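Scroll down for the structure; my scribbles are underneath it.
The values are calculated or read from the model by the stated rules, or taken from the named source; none is laboratory data. Being a predicted model, the structure only gives us computed values, none of them experimental. Note that we place each Cβ from the backbone using ideal geometry, even for glycine, and neighbour counts take in every protein chain shown.
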Amino acid sequence: MIEGQPRLTPDEYAALVEQAPIMIWRAGTDGLCDYFNQRWLEFTGRTMAQEYGNGWAEGVHSDDFQACLDTYLHHFGLRQTFEMEYRLRRHDGAWRWIFDRGVPMFGSDGAFAGYIGSCTDVTARVEAQAALAEAQAREIQTLQGLLPLCMFCKKIKKDTGAWENLDQYIHERSGTDFSHGVCPDCYPSYTAQLRAEVEVYRSEKSGF
């Protein structure tokens, strides 16, 4: 603490922890949780007695439970900070993704005193990342597969059945913009075509 900085009284510290905008938990040296702040209890809709010890784990999604437990016990044994994400059941029954960070505590004598952790709801981020990954996977699958391409105008047939310009199709899926020119191989044919079109136009105008 910075010298001269006012210290929090026990009551002020307790109020700060209880009113913090994040969920806070604490575990003793035996690994069992012995405290959850009001934010946690409001989130789960359970009492302190229900969450006490290993009771909190009843709210962890079954698919995430083992990885959650393994991470906790592994780092607890090493007295190391850990971070993990898992789904926790909210009071309304909805599963929410939680980012949980636990930090070991040590007394003034250096003795291990347990863990304190903070949890935040990161569902929006996790779902956004999942949606982005799914969209990217679909685009990769599309680009790796066969694309129905018109052999004459080079338009692509979309899933909706509509035909779209190749440039626009690629731009919508990759953000790529195009600048158009004529390559050396195509230039003679391009100029010959232009001359032919000019001759046709002149003939039509002259009536011959």
*asked:* Within the stretch 179-208, take every residue that is exposed (fewer than 10 other Cβ atoms within 10 Å of the Cβ) and under 43 Å from the mean Cα position of the chain (by Cα) and give me the one that is farthest from LEU132 (Cα to Cα).
replied: CYS183
*If you check PHE178, PHE106, PHE112, which single one turns out to be touching a His at 6+ places or on another chain (Cβ under 8 Å) and of a type outside the set (Gly, Ala, Ser)?*
PHE178
_I'd like to check something: does the stretch 161-170 contain any residue that is exposed (fewer than 10 other Cβ atoms within 10 Å of the Cβ), over 30 Å from TYR72 (Cβ atoms) and either touching a residue at least 40 places away in the same chain (Cβ under 8 Å) or of a type in the set (D, E, K, R) (or both)?_
no
_Residue pairs meeting the criteria (Cβ under 7 Å; at least 6 apart or on separate chains; first at negative phi and assigned by TED's automatic domain parsing to the domain that holds PHE99, in the stretch 45-69; second surrounded by 15 or more Cβ atoms within 10 Å (Cβ to Cβ) and among the hydroxyl-bearing types (Ser, Thr, Tyr))_ = GLU51/THR44; GLY59/THR44; VAL60/TYR86; HIS61/TYR86; ASP64/TYR86; CYS68/TYR86
*When you go through ARG39, ARG46 one by one, which is the residue that is within 15 Å of LEU88 (Cα to Cα) and in a loop (DSSP other than H, G, I, E, B)?*
ARG46
